[in-house]
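**Student:** Pasting in a structure now, in structure tokens, and then I'll have a few things to ask.
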């Protein structure tokens, strides 16, 4: 068992699996996917704590293994939510709502509550300063240890029941062996009695023979008397042996009947305890369901009130911005007309000029020998860039193109954005008033969130 648990812990974190979990989280942080991953690792956390409780591994091994994967999961959720506590709360609520089993939902809820309690209203502090290691240690000491203790209680009850059943089987075997021994003694006694009867018959025959011999009458009478005495002794021993054997058989039957009665009582008691326990569990589940329903109603009401307040605030801001937006639209229209006039004069080019170039990590992805085949196409970033938190470094030259980097894969298409995870970065001048060979550059050194991006697209301005 110790060997199995050690391999299990190694498979989770020690054997470089933390990178795998982080890569899966970054690849597509859909709530149902993250919920499944959280369920898998939390079950392994509880298994590690249970192994430590049962002294199958060192006490600190469970915590040490758990903290590595817990740090990865918690950090990915915080960074994926841009450090925004409200976004993290909404995202974790969707994750926990995707949990299929009751135990998984409870564990997810406690994980969400504990992590949100560590988050402040300062997004930068949450992203850059938050020590998730302390959160993971507290979560292990609380929810994980609690779940492990419940499983330990169930296993201890099973072990006790197995020991009791083994004792009953051993007692029954002893009783059966005693009955067999008593039966053997009775059979041997009966055989001895039959042998004595045969010897007695031989003695009587000898007496009858000696009666015919007058010369030996005295000896014959002594032999007859002796034979009669032996017959009497043999009959007495046979009677005593049969009585003793009958008494032993009766005692064995009584012991067997008593054992059967006790077994029936124990079985009836166990069944009654199971029924009572099932009733208590049903009541507890009903109370928990009622409590969750009440909490859901309160939460829904709070959400509706918050949405109403936000809607009023947005309407008020919209009313205040209408004059300014009208001026901006007028300027945009004038600029648009000027650009259209300029395009009419110059003519629409069928292909990009040689100044339009795009590079990722110093390698051309459009122009400069790479051709224009990637124009207006969604492209996935190489795995090496996805796994490197300091990549990609993007450079765009010219005034007619831009390169958009997407946080999610497939340029954000088909992915959930319940936690506002569909963030993008635009790199490029897009200003015909600048020099044709002007270049713009951006990398995770300017915005760390860009270090977990998944895809990109090159388009014309």
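Just so it is clear, none of the values below were taken in a lab; they were calculated from the coordinates. All of these numbers come straight from a predicted model, not from anything done at the bench. Using ideal geometry, Cβ is built from the backbone for each residue, glycine included, and neighbour counts are taken over all protein chains shown.
**Student:** Shape of segment 357-460 from its Cα gyration tensor (a ≥ b ≥ c, root eigenvalues): rounded if a/c is under 1.5, otherwise prolate when a/b > b/c, or oblate?
**Tutor:** Since a/c reaches 1.5 and a/b is larger than b/c, the shape of segment 357-460 is classed as prolate.
**Student:** Can you tell me the order of 111-122, 390-401 when each peptide is scored by its average per-residue count of other Cβ atoms within 10 angstrom, highest first?
**Tutor:** Packing proxy ranking, top to bottom: 390-401, 111-122.
**Student:** Once you have the Cα-Cα distance between residue 152 and residue 370, take 0.36 nm times their residue separation minus that, and quote the gain in nm to one decimal.
**Tutor:** 72.3 nm
**Student:** Residue 201 to residue 274: extension gain in nm, 0.36 nm per residue of separation minus the Cα-Cα distance?
**Tutor:** 19.5 nm
**Student:** For an R0 of 56 angstrom, estimate the FRET efficiency from the Cβ-Cβ distance between residue 162 and residue 424 and round to the nearest 0.05.
**Tutor:** Computed FRET efficiency for residue 162 and residue 424: 0.40.
**Student:** Modelling each spin label as a point 7 Å along the Cα-to-Cβ direction, I'd like the residue 90/residue 448 distance in nm, to one decimal.
**Tutor:** So the two model labels end up 2.3 nm from each other.
**Student:** Determine, for each peptide in 371-378, 402-409, 132-139, 453-460, the mean count of other beta carbons within 10 angstrom over its residues, then list the peptides with the highest first.
**Tutor:** Ranked from most to least packed, the peptides come out as 402-409, 453-460, 132-139, 371-378.
**Student:** Starting from the Cα-Cα distance between residue 181 and residue 299, subtract it from 0.36 nm times their residue separation and give me the gain in nm to one decimal.
**Tutor:** Once the chain is fully extended between residue 181 and residue 299, it gains 35.0 nm.
**Student:** Sticking with this one: List the extent of the Cα atoms of segment 162-276 along each of their three principal axes, largest first, rounded to whole Å.
**Tutor:** For segment 162-276, the Cα extents along the three principal axes come out at 92, 17, 13 Å.
**Student:** I would also like to ask the following. Could you work out how far apart the two model spin labels at residue 459 and residue 208 are, taking each label as a point 7 Å from the Cα in the direction of the beta carbon, and quote it in nm?
**Tutor:** In this crude spin-label approximation the distance works out to 13.0 nm.
**Student:** Sort the following peptides by mean Cβ neighbour count (other Cβ atoms within 10 Å, averaged over residues), highest first: 354-364, 66-76, 153-163.
**Tutor:** Output ranking for 354-364, 66-76, 153-163: 66-76, 354-364, 153-163.
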